[in-house]
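Quick one: the structure is below, questions incoming.
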Amino acid sequence: RNRCQRLDLSGNARNCFLTGNSDSYRNLIGKGLRRLLDVPHTEVYRNAHHSLGRFCSQSSQPLGEKIPSLQISSVEQPPRHFPAWNIQINRSFHTSPSLQAAPVPLFWIIVKPAQKLFAIILGRSIRNWWKALPPNKRELFKESAKRNKWKILLGVSSLGVVFVMFYFTHLEETPITGRARLLVFGKEHFRELSQMEYDMWMEQFKSQMLPETDARYQVVERVVGHLSESNKDVPQVSALKWVIHVVDEPGVNAFVLPNGQVFVFTGLLDAVSDIHQLSFILGHEIAHAVLEHAAEKASLVHFLDFLSLIFLTMIWAICPRDSLAVVGQWIQSKLQEFMFDRPYSRTLEAEADKVGLQFAAKACVDVRASSVFWQQMELAESIQGQPRLPEWLSTHPSHENRAEHLDRLIPEALKIRESCNCPSLSGPDPRLIFRLNMQHLLESSKGREAPNSTKQDPSKPKLDFPHT
């Protein structure tokens, strides 16, 4: 019987960047986090080649058997190397590429500055025209507006009805989840532009691509292959050809283009502590492509930007001075960003977490490790003293909220896993092990700090935890 064992991977990636090799952090990583995050591993991918139930498709051979070249430590043995946690954490490890549209959407992206410039010029012209009117003509204009107020109201209402009709006639169901969402641009457009985007990334990282013979490349290839094979009953998964690219780049990140091009930065392989976490993260990224989040996000942004042109024109027409109009325009953009854009982005991330967890469950992954990954990220952030920004300032949920959200989804994922005839999970829950080890680590830290509190500089945290 094979066990899915800890993989000791080396590498770098993006969004969370390595910041150096200070001795204090080395001590912490070597003595503290190695114990804290050494989660026992459970049997997975064993007997994965079987007939699955309603949610499942026939899976490939056990993933653990496919990567014998990697240095693996068993459950009974501590890992010889622990992933480097000396990383500078940003709120989100996943950043979708900035260019996410194809010919038609790309056209609107190009003309967007011209649209805003036209709205500003139009609003400013209306303001100057009004200022140039003699007082008597202003009064005549106001009286005419009062007489025709119902016509004006009817015209404005008609315009609003057009926007509402446009919105509801462009609603579609999200694959898998069935959520209603606005889709202005065709999905095929995004897949066309994916080739342009792919060429851009390949040009940028052409000297950093790992060869197919590299053990880290093979790990990612096997995990993605196993996830796609286990979820081939999902039409959107089987329709795409998943092509792997592993980039030797510092930072913790991965992304998938709409046409199935998978980019994994080797820093992510340093950040995950086992194959279960890596499978969940890649399942999350695959979910973004399967759920067509790129087209959805671009559609919403385009719709809101078009609506904002009306308000932009009004701001420049009503404000008495250009300086006030600039302030008003900035306030409008920030309101749109924090009231619509960022909350919507967080919603898409939460949806990708949910679907990615389902993908991982059907691949017989220990889904309980998913929330542990985000607890590890939060721990690394706390150790470095990174400021905790409010979630509403971010495009991604906070690490803590993501872990809590996944904990709520894990019972359902375990049922899916069971329905797929996966081998039962043996050993303790990795979440429990993480909490117990974290508690033990904190107690050990306090025990060491108390006797030496008078000798230690209070401005420098003590990072040398005792080794047990």
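The values are calculated or read from the model by the stated rules, or taken from the named source; none is laboratory data. Computed from a prediction, not measured in an experiment: that's the story for all the values here. So basically every Cβ, Gly included, is an ideal-geometry build from the backbone, and we count neighbours across all protein chains shown. Keep in mind that these areas ignore ligands, DNA and RNA; they rest on the heavy atoms of the full protein, side chains included. Shrake-Rupley method; radii C 1.70, N 1.55, O 1.52, S 1.80 Å.
Cβ-Cβ distance below 6 Å, separation of 6 or more or different chains: which pairs start in the stretch 202-218 with a residue that is closer than 16 Å to LEU269 by Cα and end on one that is of a type in the set (Asp, Glu) and assigned to a loop (DSSP other than H, G, I, E, B)?
GLN208/ASP248; GLN208/GLU249; LEU210/ASP248
Only one of LEU348, LEU379, LEU357 is aliphatic (A, V, I, L, M), touching a Phe, Trp or Tyr at 6+ places or on another chain (Cβ under 7 Å) and not in a loop (DSSP other than H, G, I, E, B); which?
Result: LEU357 is the single residue among LEU348, LEU379, LEU357 that is aliphatic (A, V, I, L, M), touching a Phe, Trp or Tyr at 6+ places or on another chain (Cβ under 7 Å) and not in a loop (DSSP other than H, G, I, E, B).
Here is a follow-up. Just give me the residues in the stretch 253-285 being open to solvent by less than 10 Å² (accessible area, probe 1.4 Å), among the hydrophobic types (A, V, I, L, M, F, W, C) and over 14 Å from ALA361 (Cα atoms), in sequence order.
Listed by number, the residues that qualify are ALA254, PHE255, LEU257, VAL262, PHE263, VAL264, PHE265, LEU268, LEU269, ALA271, VAL272.
Continuing with the same structure: Can LEU312 be described as in contact with a helix residue (DSSP H, G or I) (Cβ under 7 Å, 6 or more places away or on another chain) and more than 30 Å from SER238 (Cα to Cα)?
yes
Can you tell me which residue among GLU400, GLU418, GLU349 is at pLDDT 90 or above, open to solvent by 20 Å² or more (accessible area, probe 1.4 Å) and either hydrophobic (A, V, I, L, M, F, W, C) or farther than 23 Å from MET438 by Cβ (or both)?
After ruling out the rest, the residue left standing is GLU418.
Which residue out of MET165, MET202, MET196, MET209 is within 18 Å of GLY260 (Cα to Cα) and open to solvent by 70 Å² or more (accessible area, probe 1.4 Å)?
Testing whether each residue is within 18 Å of GLY260 (Cα to Cα) and open to solvent by 70 Å² or more (accessible area, probe 1.4 Å) leaves just MET196.
Please tell me if VAL252 is in contact (Cβ under 8 Å) with a residue 12 or more places away in the chain, in contact with a Gly (Cβ under 8 Å, 6 or more places away or on another chain) and either among the basic types (Lys, Arg) or in a loop (DSSP other than H, G, I, E, B) (or both).
Against the criterion (in contact (Cβ under 8 Å) with a residue 12 or more places away in the chain, in contact with a Gly (Cβ under 8 Å, 6 or more places away or on another chain) and either among the basic types (Lys, Arg) or in a loop (DSSP other than H, G, I, E, B) (or both)), VAL252 qualifies.
Okay, residues lined up against (1) modelled with pLDDT under 90; (2) in contact with a helix residue (DSSP H, G or I) (Cβ under 7 Å, 6 or more places away or on another chain):
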{"position": "SER96", "(1), (2)": "yes, yes"}
{"position": "TRP108", "(1), (2)": "yes, yes"}
{"position": "PRO113", "(1), (2)": "yes, no"}
{"position": "GLY123", "(1), (2)": "no, yes"}
{"position": "ILE126", "(1), (2)": "no, yes"}
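Please determine, by comparing only the residues of the stretch 384-394 that are open to solvent by 50 Å² or more (accessible area, probe 1.4 Å) and assigned to a loop (DSSP other than H, G, I, E, B), which one is farthest from ALA352 (Cα to Cα).
Going through the qualifying residues, I end up with GLY385.
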